[in-house]
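Peer 1: Right, I'll just put the structure down here and ask away after.
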Amino acid sequence: MNVVLANRQRTRKINRRLLKQITDALLANLKIEGAELGVHLVATPEIIRLNGQFLRHAGPTDVIAFDYSEPGRRTPDPGPRTLDPGPQLRGEIFICVDEAVLQARKFRTSWQSEIARYLVHGVLHLLGHDDSRPTDRRKMKQAENRRLRELSRRFSLAHLARPAKLSRCKNH
């Protein structure tokens, strides 16, 4: 598996090592055998540009996923009892950290939890999940919540916030 993380925002300091571990665990949990995935943490101006240019939507959004897999090679989360060797995944996920901060306030959660939620949401889209119709949206939300619960039991999502470096003080 090849997962590349890029932090192109300055809203929050992110523990990229932990985010990589969370991403790897999510992919393993979904039994994804092969992945080429780019995860980009971006600010509002970049997500607005991507949303307008590629999706023809005005304004910001929380997450955008671009699927580069070959048709027929991706399957929605097959569950634990499948003989399929696992879906292949190729794509990029753009996560807007500014939106995570705003949504965290709105839903009374942490921005770190929102980042993890957006990661799960993006991966599910790359696996073929759709949330354009109400019934599909409910199914996807259930899968998203289940995966987020699994990740939050295994990792402290609060630690996605990288602490500021301590400066050394000279004693006179």
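Values quoted throughout were computed directly from the atomic coordinates according to the rules given, and no laboratory measurement underlies them. None of these values were measured; they are calculated from a predicted model.
Peer 1: Quick one: which residues, 5 or more positions from ARG90 or on another chain, have an amide H under 5 Å from its amide H? H modelled 1.01 Å from N in the peptide plane, none for Pro or chain starts.
Peer 2: For ARG90, the qualifying residues are GLU36, TYR68, SER69.
Peer 1: Now for a different question. For ALA161, list long-range residues whose amide hydrogen, built 1.01 Å from N in the peptide plane, is under 5 Å from its own amide hydrogen.
Peer 2: The answer is ASN15.
Peer 1: How much length, in nm to one decimal, is gained on full extension between ASP24 and HIS57, taken as 0.36 nm per residue of separation minus their Cα-Cα distance?
Peer 2: 8.8 nm
Peer 1: Quick one: compute the contact order of the chain, relative version, from alpha carbon pairs under 8 angstrom and 6+ residues apart, as a percent. Walk me through the numbers before you get to the answer.
Peer 2: Working: 260 pairs, mean separation 44.7, N = 172.
Worked out over the chain, it gives 26 percent.
Peer 1: Want the number for ASP67 to ARG137: 0.36 nm per residue separation, take away the alpha-carbon distance, what's left?
Peer 2: Between ASP67 and ARG137, full extension yields an extra 23.3 nm.
Peer 1: Starting from the Cα-Cα distance between ASN145 and ARG17, subtract it from 0.36 nm times their residue separation and give me the gain in nm to one decimal.
Peer 2: Extra length from ASN145 to ARG17 when fully extended: 43.8 nm.
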